[in-house]
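These notes concern the structure reproduced below.
The values are calculated or read from the model by the stated rules, or taken from the named source; none is laboratory data. Not measured: the values here are computed from a predicted model. Methodologically, a virtual Cβ is constructed for each residue, glycine included, from the backbone with ideal geometry; neighbour enumeration extends over all protein chains shown. The area values use the complete protein model at the heavy-atom level, side chains included, leaving out ligands, DNA and RNA. Shrake-Rupley method; radii C 1.70, N 1.55, O 1.52, S 1.80 Å.
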Amino acid sequence: IQGWMQYYTEAKKAGIKPIFGIETYVNPNRVQLMEVLHKIKNTKNGDSELNKQRDELSQQRMHLILIAKNITGFYNILQIANDAYINGFYSRQLTDYETIFKYKEGIIVTTACIGGPIREFSDKNDLKSAIAFVEQMQLQFGDDFYLEVQVNEMPEQKKYNSFVVKLHEATKVKLLCGIDSHYVNKEDNIVHQDLLLVQNKNKAKDI
């Protein structure tokens, strides 16, 4: 909250309209993952099957962008983020679609980067399943749901974008062009790299 308030103040000073939102981590099977983690914690000698389930479930994490369109959406995003830390933290703060749908009012949703929910459909070229997912999101968010593409030179991004455009043509869901920007100035890459090292508990010699 403190960071958002500082951002709001500085944006207003510069004559920029501040937009509040988060890139959240969604795991559709978050509840099941938390149950498995609880069982592992209470198993004295470990359990290879439980560890296998944990690894499989934890890999189902994907990105989703949530943007507040009004004050209700602002507070609902806080509810989602708070719940993700308290009830779904494993390596990252995790939420699920059930929680997002519960606090959906006032929120705009985009499918985020190549790490978003469309990736699995794109990799399999499964347009039918992708359409079914989009229709589910439309039922919840209506016109506040967007398909996102990004522009870069990664071959997998270009393939992904082509699939998303097909999905847009099939569903008429609006397209949004985003960018995975982690810092503003080129020289900030050093600070960003240091933050990643801290986050991943690595040392400079490891990269």
Confirm whether Ile65 is within 24 Å of Leu196 (Cα to Cα) and more than 16 Å from the chain's Cα centre (by Cα).
no
Looking at Arg61, Arg30, Arg54, which one is of a type in the set (D, E, K, R) and over 21 Å from Phe145 (Cβ atoms)?
Arg54
Picking from Gln79, Gln93, which residue would you name as being of a type outside the set (Phe, Trp, Tyr), under 24 Å from Asn200 (Cβ atoms) and in contact (Cβ under 8 Å) with a residue 24 or more places away in the chain?
Gln93
Tell me which residues, restricted to segment 162-178, are outside any helix (DSSP H, G or I), under 17 Å from Ser129 (Cα atoms) and not aliphatic (A, V, I, L, M).
Lys172
Residues of segment 162-178 being under 28 Å from Glu105 (Cβ atoms), in contact (Cβ under 8 Å) with a residue 24 or more places away in the chain and open to solvent by 60 Å² or more (accessible area, probe 1.4 Å), which ones?
Lys174, Leu175, Cys177
Taking segment 1-44 and keeping residues open to solvent by less than 50 Å² (accessible area, probe 1.4 Å) and in contact (Cβ under 8 Å) with a residue 24 or more places away in the chain leaves Phe20, Gly21, Ile22, Thr24, Tyr25, Val26, Asn27, Arg30, Leu33, Met34, Leu37
